[in-house]
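So the structure is just underneath, and the comments pick up after that.
The values are calculated or read from the model by the stated rules, or taken from the named source; none is laboratory data. Since the model is a prediction, treat every value here as computed from it, not as a measurement. Please note: Cβ atoms are built from the backbone with ideal geometry, for glycine as well, and neighbour counts cover all protein chains shown. These accessible areas exclude ligands, DNA and RNA; they are computed on the full protein's heavy atoms, side chains included. Shrake-Rupley method; radii C 1.70, N 1.55, O 1.52, S 1.80 Å.
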Amino acid sequence: MEVYLVRHTETTCKKGICYGQSDVDLKEPFLEPFKSIKKQIPSDAIVFSSPLSRCTLLANYLSPSISVDSRLMEMNFGDWEMKNWDAIPEADFTPWMTDFVNVAVPNGESFVALHHRVTDFLATLVSEYNSKKIVIVTHAGVIRSILCAISNLPLKDAFTNKVDFGAVIKIEL
C-alpha cells in the first residue's frame, strides 16, 4: 500500500508557542506550497485528514473528497495549549521532558497515547484500503508516530525523524 504522509504548511503561531490540538490558521500565502505538495502525490489517491483546519484546508485543495479522522489530530497538550513553552511551570515540564513518551501533559495526553490512536488508524487503513493509494494530511507528531511504527523505532527516538512544514513522505504499508 502506497501512503503519502503530508504535514500541513506553516502556521501563524509565533515560534515557541505550544499549539497541538488548538485550531490555528495557516501562514499566508500558502497556495504555492499547496501546488508543490499536489505535484508530489497521485491524483487518484484517497485523502484522509486531521479535523484541524490547518490540515483540512490543504486536504480539500488536494482532493474534492476527503475523509476526516480525529485519530490524525496532533498531540493534545492540555493545559499547555497556546502557551509559550518557556511559560510552562518547571514542575510540570521536567517530568514530561524526562519521559514524554509515557508522561501525559496535564489534562492532555502522552506520546504513547497519541501513538495508540495513530496505530489504530493505520490498522483500519490496512484492513479497509489495502490496495489503494492513500494521502494522510496531518501533523508532525502523527507522522513521527507512523514512522516509528513502520520502522520499529522506539518512540523515545521519534524526533530523529525530521518532518518539515509541507513535507511529503512516501511510505509503503
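Quick rundown of the values:
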| item | result |
| --- | --- |
| PRO42 vs. criteria at negative phi, open to solvent by less than 80 Å² (accessible area, probe 1.4 Å) and out of contact with any helix residue (DSSP H, G or I) (no Cβ under 9 Å at 6 or more places or on another chain) | yes |
| Any hit, region 54-76, residues being loosely packed, with under 12 Cβ neighbours inside 10 Å and acidic (Asp, Glu) | no |
| Cross-chain or 6+ apart pairs with Cβ under 8 Å, region 149-161 first and closer than 21 Å to ALA123 by Cβ, then assigned to a helix (DSSP H, G or I) and open to solvent by 60 Å² or more (accessible area, probe 1.4 Å) | LEU153/THR160 |
| In region 22-38, residue nearest to GLU109 (Cα to Cα) [restricted to those that are open to solvent by less than 50 Å² (accessible area, probe 1.4 Å) and in a loop (DSSP other than H, G, I, E, B)] | SER22 |
| Of the criteria (1) surrounded by fewer than 13 Cβ atoms within 10 Å (Cβ to Cβ); (2) outside any helix (DSSP H, G or I); (3) at pLDDT 95 or above, which one SER131 fails | (3) |
| Residue satisfying all of: in region 134-156; hydroxyl-bearing (Ser, Thr, Tyr) and part of a helix (DSSP H, G or I); surrounded by the fewest Cβ atoms within 10 Å (Cβ to Cβ) among these | SER151 |
| Meets criteria (among the small types (Gly, Ala, Ser) and under 16 Å from the mean Cα position of the chain (by Cα)) for SER70 | yes |
| Residue within region 96-112 that is farther than 24 Å from ASP164 by Cβ, touching a Gly at 6+ places or on another chain (Cβ under 7 Å), surrounded by fewer than 17 Cβ atoms within 10 Å (Cβ to Cβ) and not small (Gly, Ala, Ser) present | yes |
| Close pairs from region 19-30: first over 16 Å from LEU58 (Cβ atoms), partner not in a loop (DSSP other than H, G, I, E, B), Cβ under 8 Å, at least 6 apart | TYR19/THR11; GLY20/TRP80; GLY20/GLY141 |
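The rows are residues; the columns are (1) more than 21 Å from LYS27 (Cα to Cα); (2) in contact with a Phe, Trp or Tyr (Cβ under 8 Å, 6 or more places away or on another chain).
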{"site": "SER127", "(1), (2)": "yes, no"}
{"site": "ALA140", "(1), (2)": "no, no"}
{"site": "ALA149", "(1), (2)": "yes, no"}
{"site": "LEU153", "(1), (2)": "yes, no"}
{"site": "PHE165", "(1), (2)": "no, no"}
{"site": "ILE169", "(1), (2)": "yes, yes"}
